[in-house]
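K.L.:
Handing you a structure now.
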Amino acid sequence: MLRKLFDGVPESEWRAIHISSLVSIFFSILGEAYVFTHAYIFFHSKRRRNRLSGLPPSSPLADRKSPVAVAFAAAIAFSDFVFSVHHGIDHLYSIVFGRVAEGPLCRWFGFGSLWGVDSSALWSFALALYMTSLLLFGIKLDANPWWWWGSMITIAWVLPLIGNIVAVALGLVDNAGMFCMVSDRIGSLILKPGIFVFVFCFISLCYVAIGVRLITHMRQNKKDPLVRSYPFQEPVRRQQNQMRRVGLYLIGFTVVYILQFFPTSILVFMNIARKKPNLALNVLDKVLSNGNGWMNAIAYRHFIHLTAKDDTDGTPPSSPNTPSS
């Protein structure tokens, strides 16, 4: 059966949704490239400094900058990149041919997009779990790096890969309306927004709790006579200011995260109620939901800048209870 051009959607609406998605995806790929480049420079410089010093990485005198934040950022950026490439080509196909892809090609686009979006959500979940364990409970989950990163790769990359292969085999991945994704109503709610709602709630609670803890800890230390005494006053005050900035930043990040997925949440409920959203809401949702790459790059740059201040202002290395550990 011959399909209608633009699948029955007005051409102006069709092009507005797909073009806005492509623009956001383009900037996301630029953001992911920035994170990849920074991660490569970071790890290359770290190995080079340790090699020139002649010290093994386990030596207390070796470069002790933690690669955890950079490794998490690179893993999330890679997952976002997989999503951006598949979803971007999907939207480009729809613009060029005036209809959503069909058959195996659509299933491939949907599989890659779904795997990328689910794995990036699970990596974000793992990052929040790591930071919460470290900053609230003093537990370093990567004490055994091989076990920790092996478990994270299995949970965040392998399990979504298997789950999405099963979804494709069951025929759940196909034309989902304006793009290729999970076409089944119940399966779509579980595999796409369902995972995001769970991760979103967990990350929000974690980052707000960490932010409040850091700010409260900083205020309590201000009352400590030792903090106000010489020679500890200046280094401790700088470290406290860093903790306060990080705490406020995490709370602000949570607010931005809520605003980012607010349009998506509205669309999910409208989809359940079988109501058609207006064009403005659709475009806003596509710009924000496809903008993980550039949003994460901005957040990563600011967070690295904040946690690197103790290396440039002359303060001693951060204690295990500070964000740069």
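K.L.:
For the stretch 101-114, enumerate the residues that are of a type outside the set (Gly, Ala, Ser) and surrounded by fewer than 24 Cβ atoms within 10 Å (Cβ to Cβ).
P.N.:
Residues satisfying the conditions are 102, 104, 105, 106, 107, 108, 111.
K.L.:
Further question: Being modelled with pLDDT of 90 or more and out of contact with any Leu (no Cβ under 8 Å at 6 or more places or on another chain) narrows it down to one of 21, 59, so name that one. Don't jump to the end; show me each part of the working.
P.N.:
Details: 59 fails: modelled with pLDDT of 90 or more.
It is 21.
K.L.:
Name, by its number, the condition in (1) modelled with pLDDT of 75 or more; (2) outside any helix (DSSP H, G or I) that does not hold for residue 211.
P.N.:
It is condition (2) that residue 211 fails.
K.L.:
Could you say whether any residue in the stretch 265-282 is under 16 Å from residue 28 (Cβ atoms) and either open to solvent by 70 Å² or more (accessible area, probe 1.4 Å) or at pLDDT 75 or above (or both)? Steps first, answer last, please.
P.N.:
Filtering the stretch 265-282 down to residues under 16 Å from residue 28 (Cβ atoms) leaves none.
Checking the stretch 265-282: not a single residue is under 16 Å from residue 28 (Cβ atoms) and either open to solvent by 70 Å² or more (accessible area, probe 1.4 Å) or at pLDDT 75 or above (or both).
K.L.:
Okay, next question. Among the residues of the stretch 284-301, count how many are open to solvent by 40 Å² or more (accessible area, probe 1.4 Å) and within 24 Å of residue 177 (Cβ to Cβ).
P.N.:
Adding up the residues that qualify gives 2.
The values are calculated or read from the model by the stated rules, or taken from the named source; none is laboratory data. Everything numeric in this text was worked out from a predicted model, so none of it was measured. So basically every Cβ, Gly included, is an ideal-geometry build from the backbone, and we count neighbours across all protein chains shown. Accessible surface is based on the protein model in full, side chains and every heavy atom, while ligands, DNA and RNA are left aside. Shrake-Rupley method; radii C 1.70, N 1.55, O 1.52, S 1.80 Å.
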